[in-house]
Amino acid sequence: MAIPPPPAWVTRLGEFKKVAERPRVKFPRALVLADKVSNRSVKQGEATCITEMTLMMACWKQNEFSDSACSKEVQTFLDCVAKAEEEHKRQSLQESMGQSKTLDSKQINKLLKRFPNITHRY
């Protein structure tokens with residue numbers, strides 16, 4: 001006994017699968033990076049020593065702006081400011097030596113000029 005041939009729709013389904021396996025995508029432009037990025041300002045860091053300054057001002061207000069009564073709070077605030085300035089100097093030194101984790105737009109443009117995209121073929 002012979003097996004009957006499959007219906008016509010089954011054979012057409014196989015042909016459809018072959019055609020639909022790989023969709024063709026056409027891009028409007030070439031997929032390459034631009035040769036420069038826009039200049040963006042560097043975000044300002046967050047304020048430091050706010051709590052120490054608040055405590056110092058609250059102490060001044062309670063003691064009628066007497067430095068002698070609030071010497072502990074004033075010293076704490078000055079220590080915090082000195083520590084923040086030292087951290088800022090250290091961070092700016094690292095950025096000038098190129099050891100920071102992020103690059104600003106000026107540095108990125110400089111690197112893109114050194115290593116441009118190859119837009120032509122030989």
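Of note:
- Equivalent-ellipsoid semi-axes for the stretch 57-116 (Cα gyration tensor, √(5λ), whole Å, largest first): 45, 11, 6.
- Per-residue SASA entry for R90, accessible area with 1.4 Å probe, Å² rounded to 10: 110
- E64, E85, ranked by accessible area, largest first (probe 1.4 Å): E64, E85
- These residues, I3, I108, I50, go from largest to smallest accessible area, 1.4 Å probe, as I3, I50, I108.
- Here the gap between V32 and E86, fully extended at 0.36 nm per residue and compared with their Cα-Cα distance, gives a gain of 15.3 nm.
- F77 contributes an accessible area of around 40 Å² to the protein surface, as traced by a 1.4 Å probe with all chains present.
The values are calculated or read from the model by the stated rules, or taken from the named source; none is laboratory data. Keep in mind it's a predicted model, so treat the numbers as computed, not measured. Please note that ligands, DNA and RNA were not included when accessible areas were found on the heavy atoms of the full protein model with its side chains. Shrake-Rupley method; radii C 1.70, N 1.55, O 1.52, S 1.80 Å.
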